[in-house]
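Coordinate-derived values only; no laboratory data. All values reported here derive from a predicted model rather than from experimental measurement. Cβ: placed from backbone, ideal geometry, glycine included. Neighbour counts: every protein chain shown.
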Number of protein chains: 2
Amino acid sequence: MVFDKAVKMNSFQWKKLPPAEERQLDKAAQVCKGLAVAMVARANSGHPAGALSSMKMYMAAYGAANVTPQNCDSLDRDFVVISHGHTSAAAYATLAYYGFVDAFDAVNEFRRTGSRFQGHVERMVPGVDWGSGCLGQGLSAGAGFALAQKARGYDGRVYVLMGDGEQPKGQIAEARRLIAARKLTNVTALIDVNDIQISGRCGDVMPAHIKELWEADGWQTILCDGDSFAALYAALKTARAAGRPVAVLCRTTMGKGVSFMEDKPDYHGKAASGDLYRQAMKELGQPDLVALAAEHKKAKFSAARALEPLGAALDLGAPKVYGPADTTDNRSAFGSALAEVGQLNYKKAGRTPVLVFDCDLAGSVKTGEFAKKCPDSFIQCGIQENNTATAAGAASAGGVVSVWADFGVFGLAEAYNQQRMNDVNHANEKLVLTHVGLDVGEDGMTHQCIDYVSLMSNFFNWKLVVPADPNQTDRATRWALKTPGNICLAMGRSKLPTLCANGKPLLARDFTYGEAVKVREGKDAAILALGAMAGRAVQAAGLLAEKGVETSVYAVSCPLEIDESALTEAFQTGTVLTVEDHNVNSGMGSLWLARAEELGLRAAARRLGVHRYGDSGPSEEVYAAMGLSADAIAAALEDLKKVAR
Amino acid sequence: MVFDKAVKMNSFQWKKLPPAEERQLDKAAQVCKGLAVAMVARANSGHPAGALSSMKMYMAAYGAANVTPQNCDSLDRDFVVISHGHTSAAAYATLAYYGFVDAFDAVNEFRRTGSRFQGHVERMVPGVDWGSGCLGQGLSAGAGFALAQKARGYDGRVYVLMGDGEQPKGQIAEARRLIAARKLTNVTALIDVNDIQISGRCGDVMPAHIKELWEADGWQTILCDGDSFAALYAALKTARAAGRPVAVLCRTTMGKGVSFMEDKPDYHGKAASGDLYRQAMKELGQPDLVALAAEHKKAKFSAARALEPLGAALDLGAPKVYGPADTTDNRSAFGSALAEVGQLNYKKAGRTPVLVFDCDLAGSVKTGEFAKKCPDSFIQCGIQENNTATAAGAASAGGVVSVWADFGVFGLAEAYNQQRMNDVNHANEKLVLTHVGLDVGEDGMTHQCIDYVSLMSNFFNWKLVVPADPNQTDRATRWALKTPGNICLAMGRSKLPTLCANGKPLLARDFTYGEAVKVREGKDAAILALGAMAGRAVQAAGLLAEKGVETSVYAVSCPLEIDESALTEAFQTGTVLTVEDHNVNSGMGSLWLARAEELGLRAAARRLGVHRYGDSGPSEEVYAAMGLSADAIAAALEDLKKVAR
């Protein structure tokens, strides 16, 4: 063990930080700085100079936060978000100081293949509440955790550690505004103002008037000496009592404590090695920590933290059944189920709060009824999608059921990297995309989300459901609200027929993720239809039947989870057409046919889908113009039958 | 024809707008408002109220800009960017007033399937310089056009029309900062401050202190009555002489001129029909323009503007040849070619300017040498990727060769929707993604761009090249700089061997887009290797040869353009393995195997790729840990051979 007993200050018991505690912290900071330099030196890779400038800020934040190795896997505690994730060496050193991890493990395992101590901080290290590495997202994550605390009725705090180089990122401004608008006065941002980024002085690279910008968005700012624990303590104590969100601008020096790194951009991302490493350790008053750690090397890397999926305690109500004569749109079926489940659980003891996020589209995405019934759980985020994606994701990791409904192009295309980071972070977001495919009415090409299957197929931990009709939408909505993990429901804008067999609703039954439901039986050919395209495919099958071609239709509602038995069965007909109102290159058809090729399934097979940006017009006309009407589907299958012969 | 002669004011010949001209404009504004209401009524779809509040702002901007039906297809003129593209009815009415389009065509064809008058403005309508519909991007496009004007030495102006609901979007702040930092004093933003968005008052939905925020970023603001042409003229005249970028905050009233639409959110996105339509036309003093337009209906919709690809006049120099003994990374080969071409053409008469955009990563993406040789052509954008993507795209549509080099996760994942809009806009961006695949060194999972093939496969007009070695990188770089259209080059971080046959460099030859080059010959099996994975695949083939399995290796450098003859040839071996350091579900393997299934090609086929987020460590170790070393490739192919038997 390297450290003396750590100084926690989360009760803020002192009026000022006492000199004895300050001395203890200063001494520990030297050790932490040594560890950070050693980590980077051992790996010969990393970001030492920013780790040194941020070190006291890290220690003050983790010292001030009610978060410990014991409570960090629970929810009733403070949260700390690291936005400038490349200063990971400072994070790991601080977490070692406060007992979350072993200091020597961090030195031995930093940036090594198979280790949890990745180059950018990840949640597999206890004490890390949000994995980062893409700058500009941390404050949004802080907003999400604070919203979750508030919804859960827990009186905690959220600290967000940031760099100054990232301040120009627009998402930060979005997050500031959401935090100010929702009066999340328990959020404190600490910004490492060392005035250096990779390309030089921040003001030369891209001027951003940090103080003015934060204040223009309604925050209080405090200027603070980031090299002084007394000053940091005083600032954080002031922030607790401010009654407003506070940004602490910590004046620091890049590379502080190692003379050849100080105030220079060179060591932003370069290790000190050889004589320079030894000089650094000497200046920091530390022994050769690389060598010392090597003596404590373990046979195996320390284990990554397992993130338990967060279950939801919810009364899901009774599914609604849409009959053969009903026509509604999937958006409305979703909105109705959401509002019902929302109301059943709203402010009820023992239930998981459901938060619904909106970006000024509640009327179109059908979350308005929920907003009326559960007003305190409706989070208006304005037209700020990047921030909303991260905030909704972090809130879902903070213990609420977090639903964000938006148009497909905004909820996913516009916020793609944020949703990727929600994937990396094993969040539990429920993302509802409306206006997907060509079914956006007259809004035209910019609003046609014809890439969502492709975008989602890049993620490892997201599930995607494209309901085929309102009954499946209702069931899938209730299922998603309760099921842990990131789940996306995608739906178009238009009214749809209820899918029926023998005059009875076919999908008014439990939703099973990964099942391609056969909605029509036929021996001569098969159509695999993405989600709501199943209705048109059934119409097409009717047209084909008149010409003597009996066609099976499968509703592929889970395009990322290939139902191999359905796929095999479809190929047994000898003719397989995939149908989707999605880019034909990158959608369900490619995923499923590629798998068919691997499985050795043989048939005449073709993909039908979207080949160009679409027209602006009434949906039915647009589908016809784009070759995706029932007639066009039938014609494509007839053509394919000729090949099959 | 509906209009009197239009009032242009781009020479700003008057000290104040004379009363006669103001009366003419006011009268025309009533006609334009009538046209906008008629368009929306005819389509029964659209956004009338915002079109009415923005109408005079539109007319003033197009009146003030040196842009005409005659010069709008050329480059030496002013540019007008519409950021709030949903107010398209106002745009089309204004463009009719200034003679770019026929007013009746706009009424008859607005939001109709097959028409150029889409719900959100697109470049296929002359006078529209940038298609929009995703809010928050317009100012960035304005920055791009202004940068292009400056680089081309043309003394013009750029007007950007914006809404107030979009002001919270972070990308706008990024654009403000770039414009201020580059001293693009010829940019004027006009903001329609009607204080209403879909969900209500802007200040209730998401407070954004517009004046303070623009000023904090270094802009001059002018408050202006947006309902007065005299005030708009005065503001725009002041802006011309300000010597700083200016934002004109136009106070307006939502739905201005139609009493039942005024100052209410209801008609944000709803048509006035029946009696209400007639009332609106009466209040605006207009005849039934829907009926009038119907009398002038043509047999066919008016033709979309064809956008000519912009060629580049560049001396490409002589390709560099990397010999068998050279090892360099593709990044450096790109950087070296770029700097050479840059210098050859820098500030030379008759040559197309080359602009290189950077987001604080020049050292890593190897554009530093270019920056040294061509300092005025290097555009430092700071850590503001969303803005950079749009600015680089628009600059490329403004007549320069526009190169943006960034890490894959930042240049594409973070800016995905912006690159999609560059696709919609038929831009000519040259996007260079480094650190793609698993080849990012120790930065870890957040920095591994294992989705770029998938993301690019969603676009219809982008080309993607993943060079297999430094020779191909050099050739492809020169080719991309000269070839019109959006082109992406993607490359990893590590040094690579030169691909050779018989001891001679194999790829030191003209680059042909769409060719999968066979880099090793073998009859027993085939590997289709994505880009730089070709090197590892050749090593694997060597290992397999020792076991008697002669394996062909194809370097798939153009994964989106399936080389069907190479694919067919590969399948003739009976065993096909696709290999990529990309998400295995969504990459080249899926695209190529799906096509093989359609073509009826039969073999034992498998995809090898990335199945989880990756480790943080030295590249070679990471590839081994992720099952993508040469050994692992060889083992996977041996397994597959067993199936093939």
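Would a scan of region B:419-432 turn up a residue that is closer than 23 Å to B:ALA532 by Cβ, at the interface with another protein chain (Cβ under 8 Å from one of its Cβ atoms) and touching a residue at least 12 places away in the same chain (Cβ under 8 Å)?
no
Using the structure shown, decide if B:ALA234 is within 14 Å of chain A (Cβ to nearest Cβ) and either surrounded by fewer than 20 Cβ atoms within 10 Å (Cβ to Cβ) or in contact (Cβ under 8 Å) with a residue 60 or more places away in the chain (or both).
Here the answer is no, as B:ALA234 does not meet what is asked.
So in region A:243-253, with the set limited to residues that are at negative phi and under 30 Å from the mean Cα position of the chain (by Cα), which one is surrounded by the fewest Cβ atoms within 10 Å (Cβ to Cβ)?
Top of the filtered list is A:ARG244.
Exactly one of (1) of a type in the set (A, V, I, L, M); (2) surrounded by fewer than 24 Cβ atoms within 10 Å (Cβ to Cβ); (3) within 14 Å of chain B (Cβ to nearest Cβ); (4) in contact with a strand residue (DSSP E or B) (Cβ under 7 Å, 6 or more places away or on another chain) is unmet by A:MET124. Its number?
Failing condition for A:MET124: (4).
Over 27 Å from the mean Cα position of the chain (by Cα) and within 15 Å of A:LEU95 (Cβ to Cβ): which single residue out of A:LYS27, A:LYS33, A:LYS16, A:LYS5 fits that description?
A:LYS33
Find the residue count for region B:241-290, including only residues that are under 30 Å from B:VAL187 (Cβ atoms) and among the β-branched types (Val, Ile, Thr).
4
For B:ARG607, indicate whether it is surrounded by fewer than 22 Cβ atoms within 10 Å (Cβ to Cβ), facing another protein chain (nearest Cβ under 9 Å) and either within 19 Å of A:ARG602 (Cβ to Cβ) or not aromatic (Phe, Trp, Tyr) (or both).
No; evaluated as a whole, the condition is false for this residue.
Please count how many residues of region B:325-367 are within 14 Å of chain A (Cβ to nearest Cβ) and acidic (Asp, Glu). Write out each step before concluding.
Here is the first cut: in region B:325-367, the ones within 14 Å of chain A (Cβ to nearest Cβ) are B:356-367.
Pick out the ones that are also acidic (Asp, Glu) and you get B:358, B:360.
Qualifying residue count for the region: 2.
Go through region B:463-484 residue by residue and tally those that are closer than 26 Å to B:ILE450 by Cβ, β-branched (Val, Ile, Thr) and surrounded by fewer than 24 Cβ atoms within 10 Å (Cβ to Cβ).
Qualifying residue count for the region: 0.
Collect the residues in region B:282-294 that are farther than 17 Å from B:GLN30 by Cβ and touching a residue at least 24 places away in the same chain (Cβ under 8 Å), keeping them in residue-number order.
Residue satisfying the conditions is B:ALA294 alone.
Residues are listed down the side, and each one gets a yes or a no for (1) farther than 22 Å from A:ALA60 by Cα; (2) over 18 Å from the mean Cα position of the chain (by Cα):
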{"position": "A:ALA96", "(1), (2)": "no, yes"}
{"position": "A:GLY99", "(1), (2)": "no, yes"}
{"position": "A:ASP102", "(1), (2)": "no, yes"}
{"position": "A:VAL107", "(1), (2)": "no, yes"}
{"position": "A:ARG116", "(1), (2)": "yes, yes"}
{"position": "A:ARG123", "(1), (2)": "no, no"}
{"position": "A:TRP130", "(1), (2)": "no, no"}
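May I ask you to say which residue of A:ALA271, A:ALA306, A:ALA313, A:ALA318 is in contact with a Gly (Cβ under 7 Å, 6 or more places away or on another chain), closer than 30 Å to A:ASN345 by Cβ and hydrophobic (A, V, I, L, M, F, W, C)?
Matching residue, one of A:ALA271, A:ALA306, A:ALA313, A:ALA318: A:ALA313.
Given the conditions (1) more than 30 Å from A:ALA43 (Cα to Cα); (2) at the interface with chain A (Cβ under 8 Å from one of its Cβ atoms), report the number of the one that B:SER565 does not fulfil.
In the conditions (1) more than 30 Å from A:ALA43 (Cα to Cα); (2) at the interface with chain A (Cβ under 8 Å from one of its Cβ atoms), B:SER565 misses (2) alone.
Tell me the helices (runs of 4 or more DSSP H) entirely within region A:191-290 that contain at least 1 residues that are within 30 Å of A:ASN66 (Cβ to Cβ) and touching a Ser or Thr at 6+ places or on another chain (Cβ under 6 Å).
In region A:191-290, A:210-216, A:229-241 are the helices (runs of 4 or more DSSP H) which contain 1 or more residues that are within 30 Å of A:ASN66 (Cβ to Cβ) and touching a Ser or Thr at 6+ places or on another chain (Cβ under 6 Å).
Looking only at region A:296-329, filter to residues that are buried (at least 16 other Cβ atoms within 10 Å of the Cβ) and basic (Lys, Arg); which one of those is nearest to the chain's Cα centre (by Cα)?
Restricting to residues being buried (at least 16 other Cβ atoms within 10 Å of the Cβ) and basic (Lys, Arg), the top hit is A:ARG305.
Of all residues in region B:367-390, which are surrounded by 24 or more Cβ atoms within 10 Å (Cβ to Cβ) and not aromatic (Phe, Trp, Tyr)? Talk me through it step by step, then tell me what you get.
Residues of region B:367-390 that are surrounded by 24 or more Cβ atoms within 10 Å (Cβ to Cβ), as a first pass: B:367, B:370, B:379, B:381-390.
B:THR367, B:ILE379, B:CYS381, B:GLY382, B:ILE383, B:GLN384, B:GLU385, B:ASN386, B:ASN387, B:THR388, B:ALA389, B:THR390, listed by residue number.
Can you tell me which of A:VAL579, A:VAL549, A:VAL643, A:VAL538 is of a type in the set (Val, Ile, Thr) and within 33 Å of the chain's Cα centre (by Cα)?
Unique residue meeting the criteria: A:VAL579.
Give the number of residues within region B:181-199 that are more than 7 Å from chain A (Cβ to nearest Cβ) and touching an Asp or Glu at 6+ places or on another chain (Cβ under 9 Å).
The total comes to 7.
Residue check: is B:GLN149 polar (S, T, N, Q), over 30 Å from B:LYS348 (Cα atoms), touching a residue at least 12 places away in the same chain (Cβ under 8 Å) and crowded, with 24+ Cβ neighbours inside 10 Å?
no
May I ask you to say which residue of B:VAL436, B:VAL465, B:VAL401 is within 14 Å of chain A (Cβ to nearest Cβ) and of a type outside the set (D, E, K, R)?
Selected residue: B:VAL436, the only one of B:VAL436, B:VAL465, B:VAL401 that is within 14 Å of chain A (Cβ to nearest Cβ) and of a type outside the set (D, E, K, R).
Scan region B:366-423 residue by residue and report those that are in a helix (DSSP H, G or I) and among the hydroxyl-bearing types (Ser, Thr, Tyr). Steps first, answer last, please.
Quick first cut of region B:366-423, residues in a helix (DSSP H, G or I) only: B:368-373, B:375-377, B:385-397, B:408-413, B:416-423.
Listed by number, the residues that qualify are B:SER377, B:THR388, B:THR390, B:SER396, B:TYR416.
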